Amino acid sequence: MRFYSVSSYWVVLLLVLVVKAGPIEARVAIASAHPLATQAGFEMIEQGGNVFDAAVAVSAALAVVEPAGSGLGGGGFWLLHDAEKNNSIMLDGREKAPLAARTDMFLDEQGNFNPQASKNGALAAGIPGLAAALVHLSERYGRLSLEVCLQPAIRYARQGFEIGPRHQKLLRFRLRALQKNPTAARVLLDHGKIPAVGYVLHQPELARTLELLAQKGRAGFYQGEVAAKLLASVKRGGGIWTQQDLDQYQVVERAPIQGEYRGIKITSAALPSSGGIVLTESLNILSAFPLAQFDAVTRIHVVAEAMRRAYHDRALYLGDSDFVDAPVARLLNPDYAAGRRQNIRLDRALPSAYLSETGFEADAGKHTTHFSIIDDKGNRVAATLSVNFPFGAAFMAEGTGVLLNDEMDDFVARPGTQNGYGLIGGAANAIAPGKRMLSSMTPTFLQDESRVAVLGTPGGSRIISMVLLATLDFAAGYGPDSWVNVPRFHHQYIPDQIQYEKGGLTDDEIVGLKALGHRLKEKGYRYGNMQAVQWNLKTGRLTAASDPRGEGLARVR
Ligand code: DON
C-alpha cells in the first residue's frame, strides 16, 4: 500500500469494490427497530449487496444495538422471497431444547411450576440459532461475504453506541435479574445501576465473538473458544447444555404458510411458529363478515371472537412439527373456519369456557425485534428475532458478550399452566430433548394485485393479533404508516378478555363491548414495535414505516 498516495488508494479501493460487487442496482426500503441497524443494511446495499446481505447485517447489528430484543444467544425466523426464482421460504433459526431437557424440568417435587427457572438464568436458555442462521443466510442467499456483512455489528460493538430511552426502560424492567448475573451486570449496567440515556455501551467481548463468527463461520460460534466459554458458563449457572447440543444445532428451511383473504395472498411463518396458522385461521373466520360495513364495536367484537377461536386451536394443537403431528391442513381449511364461525353471534361474546373441550385445565395464573426489507424487484425479507423476555435470561456467558435467551418459557411447563405471556397449551408443546418451542413470531408478506407488503412486530402472544390488525388495515386499502399506527386490541382465548393497549379503545367502544359480554383489560402502555415496508407494483414506489411506539428507522434509498 505504501506505493500509493492516500487518494489513489481510495480510488483503487473503490474500483475494486465496484468490479467485485457491481454497481448499486436496486432501490431498497428497510425498516428496523434501531437506526444503526437500518443503516447497517444500507451499507451492504451501497457495497453491492442484495436484500439478503442487508438482512444479515441488520440482524447482526440488532444483536449489538438492541440486546434486549435479539442476539447471538437467541434465534428467529427469516421469511425470504427470491423474486427471480419467484420462491418464498422460511429460514427457521429457532432455539431448541437441550438434549438433557425433560418435560417436567421446571416443576418441583410436588409438581408446582417454578416460573423463575424458565425465565431467568442458564436453565431457561434453548440452544441458540441466530449464528447458524446468519451463516446459512449469507452463504446460500447473499452476494457479499459473511465477513463484510458482520462489519457494522463488529464496529458498533467495539466503538460503542449511545443507549436510548427504550433500552433504558427495558433494563429497568429486568434490573433485578440482571443484577444477579455478574457478567451481564458488568457489561450492561453502569457500576450496578441503570445507565443514563446517552451512555455509550461498549461490548468488546461481543465484538470478538462476532469476529470469530465472521472468520470461521459456524465453527466460530458452535465450536472452539466461544463454545467452550458458553458451555462453561451455562454449567456454572446450573444449565444443561453440552457440546453435542451445539454440534447438532441445524437451521431448517421450511415452506411458509400460505393463505388468502379477500384477494390478498398471505405468506407467513410456519411451525414451530404458530404465527402464520393463527393469522390465516383468523382471517379465514373473518372472511365471511362484512367488516367494512360494521360499526366499530361490532367490528372489534367479531375480530376478537376470531382471535379467541384461532388462539384456542393454537393451545390445543400446535407444537414443533418435527415432533408432533399438528393438524395444519385442517386448521387452514376454509371449511374448518366456516365451522368455527358458526357460533359467533353479533350480539354476544362467547365465553372461552364454552368453546369445545380444552384438553387441559387452566389455572389462574417481553422482548423481540422485527425488520422488513424489500427492493424494487420484489426480493424481500421479513425477520422476527428473539431472545424472548427483554435481555433474554438476563444471563451473559462470561467472556463472550452473549446474552442467553429464555425461550424455554415458550414451552408448556405443565398442561394448562400459563407462561410469561399468559399462553396455555398441552402435549403438542411439551418440552422434549431437541424440540423447538412453539413461537408466536409472525414475519409476513401480503400481496394483492397492486401491492406487496412486508411486516412483523415483537410482542409475545400479541404478535399475531397485531399482524392480523395490520393485515385488515392493508385489506382496507391503507399503507405502512397506517398499519404501524393502528390502535391495538387482542384476545388469546385464555385469559378470557380483550386486552387493549393504553388508549386503544374509545369510551364508546368500551361501553359497547362490555354490553356484548366481553371482559376488558387495558394495558398500562402502548405495545408492539412494527416495522413495515411496501412495494407498489403499479407505480414501482417503495414506502416504509417504523412503529411510533418504538425508536426505529424506516428509509427508502
Ligand atoms: O417466540 C415467541 O413467541 C416469543 N419468544 C416472542 C417474545 C416477544 O415477542 C417479546 N416481545 N415483546
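Summary of values
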quantity: Subset tally (residues that are among the β-branched types (Val, Ile, Thr), open to solvent by less than 60 Å² (accessible area, probe 1.4 Å) and assigned to a loop (DSSP other than H, G, I, E, B)) for region 191-231; calculated: 1
quantity: Filter result (buried (at least 23 other Cβ atoms within 10 Å of the Cβ) and part of a strand (DSSP E or B)) within region 548-557; calculated: 554
quantity: Boolean, residue 423 is within 16 Å of the ligand (Cβ to nearest atom), of a type in the set (A, V, I, L, M, F, W, C), within 30 Å of residue 225 (Cα to Cα) and open to solvent by 10 Å² or more (accessible area, probe 1.4 Å); calculated: no
quantity: Test: residue in region 51-65 that is touching a Ser or Thr at 6+ places or on another chain (Cβ under 7 Å) and surrounded by fewer than 20 Cβ atoms within 10 Å (Cβ to Cβ); calculated: no
quantity: Counted residues, region 30-69 - those being within 16 Å of the ligand (Cβ to nearest atom) and closer than 18 Å to residue 214 by Cβ; calculated: 3
quantity: Tally, over region 232-254, of residues that are hydrophobic (A, V, I, L, M, F, W, C), in a loop (DSSP other than H, G, I, E, B) and touching a strand residue (DSSP E or B) at 6+ places or on another chain (Cβ under 7 Å); calculated: 2
quantity: Subset of region 327-363 that is among the polar types (S, T, N, Q) and open to solvent by less than 50 Å² (accessible area, probe 1.4 Å) - its residue that is modelled with the lowest pLDDT; calculated: 358
quantity: Filtered residues of region 426-445 (kept if among the small types (Gly, Ala, Ser) and within 8 Å of the ligand (Cβ to nearest atom)); calculated: 439, 440
quantity: Residue under evaluation residue 400, criteria (1) within 16 Å of the ligand (Cβ to nearest atom); (2) crowded, with 23+ Cβ neighbours inside 10 Å; (3) not in a strand (DSSP E or B), criterion not met; calculated: (1)
quantity: Cross-chain or 6+ apart pairs with Cβ under 6 Å, region 64-84 first and part of a loop (DSSP other than H, G, I, E, B), then of a type in the set (Lys, Arg) and open to solvent by 10 Å² or more (accessible area, probe 1.4 Å); calculated: 83/377
quantity: Unmet criterion (only one of (1) within 16 Å of the ligand (Cβ to nearest atom); (2) open to solvent by 10 Å² or more (accessible area, probe 1.4 Å); (3) aromatic (Phe, Trp, Tyr)) for residue 323; calculated: (1)
quantity: Condition check for residue 490: open to solvent by 10 Å² or more (accessible area, probe 1.4 Å), within 22 Å of residue 278 (Cα to Cα) and at pLDDT 95 or above; calculated: no
quantity: Breaking point among (1) under 21 Å from residue 128 (Cβ atoms); (2) open to solvent by 10 Å² or more (accessible area, probe 1.4 Å); (3) modelled with pLDDT of 95 or more, for residue 431; calculated: (2)
quantity: Within region 507-547, tally of residues that are open to solvent by 70 Å² or more (accessible area, probe 1.4 Å) and part of a loop (DSSP other than H, G, I, E, B); calculated: 6
quantity: Scan of region 69-88 for residues that are over 12 Å from the mean Cα position of the chain (by Cα) and surrounded by 20 or more Cβ atoms within 10 Å (Cβ to Cβ), ordered by number; calculated: 72, 73, 80, 81
quantity: Tabulated pairs, region 449-466, first open to solvent by 10 Å² or more (accessible area, probe 1.4 Å), second among the aromatic types (Phe, Trp, Tyr) and within 16 Å of the ligand (Cβ to nearest atom), C-beta under 8 angstrom, 6+ apart or interchain; calculated: 459/527; 460/421; 462/421; 462/527
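Results for (1) part of a loop (DSSP other than H, G, I, E, B); (2) more than 17 Å from residue 492 (Cα to Cα), shown as yes or no for each residue.
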residue: 285; (1), (2): no, no
residue: 321; (1), (2): yes, yes
residue: 331; (1), (2): no, no
residue: 336; (1), (2): no, yes
residue: 369; (1), (2): no, yes
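The values are calculated or read from the model by the stated rules, or taken from the named source; none is laboratory data. Predicted model, so just to flag it, every value in this text is computed and none were measured. Ideal geometry is used to build each Cβ from the backbone, glycine not excepted, and the neighbour counts take in all protein chains shown. Heavy atoms of the whole protein, side chains included, go into the accessibility calculation; ligands, DNA and RNA do not. Shrake-Rupley method; radii C 1.70, N 1.55, O 1.52, S 1.80 Å.
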